[in-house]
1. Percent antiparallel among DSSP beta bridges with both residues in region 1-143, to the nearest 5?
2. Return one number: the angle in degrees, 0 to 90 and rounded to the nearest 10, between the long axis of the Cα atoms of helix 92-102 and the longest principal axis of the Cα atoms of the chain.
3. Given the pairs Lys182/Lys292; Lys135/Lys292; Lys70/Lys230; Lys251/Lys292; Lys70/Lys186; Lys31/Lys196, which are separated by over 29 angstrom at their Cα positions?
4. With Kirkwood's inverse mean 1/r over C-alpha pairs for Rh, give me the Rg to Rh ratio of region 131-231, two decimals please.
5. Please report the net charge: other residues with Cβ closer than 14 Å to the Cβ of Gly103, K and R +1, D and E -1.
6. Provide the net charge surrounding Ile149, with neighbours chosen by a C-beta distance below 11 Å and charges set as Lys +1, Arg +1, Asp -1, Glu -1.
7. What per residue convex hull volume, in Å³, do the alpha-carbon atoms of the chain yield?
8. Report, in degrees rounded to the nearest 10, the 0 to 90 angle that the Cα long axis of helix 22-37 makes with the longest principal axis of the chain.
Amino acid sequence: MIEKNKNNPLASNFLDIESLSVQDIDAILEKAAQLKEEKSIPRTLEGKIILALFFENSTRTRTSFELAAKRLGADVVNWNVNTSSVNKGETFEDTIANLNALGAEATIMRHYDDDSAHRAATIMHTPVINAGAGKRHHPTQALLDAMTIVERKGSLNGLTIALCGDLKHSRVAASNIDLLSKYDVKIHAIAPQELKLAKDYEHLDSIKHFSTLEEGLPGCDVVMMHRIQKERMDQILYSDTTYFKDYGLTKDRLSYASPDALVMHPGPVNRQVELADDVTDGPQSVILEQVKNGPFIRMAVLDRVLGDH
Ligand code: NCD
């Protein structure tokens, strides 16, 4: 189920993984796979204008949403926080209300607050699509990760998947847990004590917690690495060298996982901090396949939210 926009019951928001059923997720993965096979993408969003509202930096997500929207025939208006009136003291709510009054057909939004997209959706009259919110939500990243795993492993069911690194501050880890918990997946959460997953996930039986890669990687079919998010920390706890020494994924540490384990990372990768160069560029890495799948997942999501069905 895609959440209905309260201000306009005909519009559908795309805010988080929690509000999707397994059938919804399977349908999005299937649509994305079908679009990837397509020689010419049907221009189902011709004539629509989409606003891309990024309050935080982005390379992959912004570009892949824009590519996706344009491939489907939509126009994209990019809004830049650095040149906006947010810097003149306008509140978030007022900014959103004003952008709503301008009247785009949908808004793709990234913001540093966990509930930002949900708050925007209570103001906007047209669909809001979450492109990353604080430490909590990044639904399209979880979907493109799932697509990449399914392409390589055939299914999510039956897999053991390690989530490693700074899990405390990672919206990618949070949305991946939301998604993987809907399937028959065992999750190994591997993080230093100070960067462990938030308490909200402690009740989930599907998650086992570990504090070293050596303990957590045995039996894992997929190793998802996460960036150490210094910008979300009050205090820098590790130097890059100490972090790499204790938690960096080296070839040697990777050998603890299953021999055909996939190595994933949402990017941006800090080379020789989270991942050794020869693992980032090695035969088990599917990092660029994740990036490649981004536009197809985002086309499937945009089509679902805005297409005529
Ligand atoms: C992530 C993000 O911004 O949430 N990257 C991404 O979208 N591909 C992860 C990160 O910033 O580390």
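1. Values: 3 of 19 bridges.
For region 1-143, the DSSP antiparallel bridge percentage is about 15.
2. Once rounded, one gets 50 degrees.
3. Numbers: Lys182/Lys292 24 Å; Lys135/Lys292 24 Å; Lys70/Lys230 33 Å; Lys251/Lys292 24 Å; Lys70/Lys186 37 Å; Lys31/Lys196 34 Å.
Too far apart for the 29 Å limit: Lys70/Lys230; Lys70/Lys186; Lys31/Lys196.
4. Numbers: Rg = 12.5 Å, Rh = 13.4 Å.
Taking Rg over the Kirkwood Rh, I get 0.93.
5. Working: positive: Lys48; negative: Asp75, Glu105.
Net charge around Gly103: -1.
6. -2
7. On the way: hull volume 40.7 nm³, N = 309.
It is 132 Å³ per residue.
8. The answer is roughly 80 degrees.
The values are calculated or read from the model by the stated rules, or taken from the named source; none is laboratory data. Worth saying up front: this structure is predicted, and the values here are computed from it rather than measured. Methodologically, a virtual Cβ is constructed for each residue, glycine included, from the backbone with ideal geometry; neighbour enumeration extends over all protein chains shown. For the accessible areas, the whole protein counts, side chains as well, though only heavy atoms, and no ligand, DNA or RNA atoms are used. Shrake-Rupley method; radii C 1.70, N 1.55, O 1.52, S 1.80 Å.
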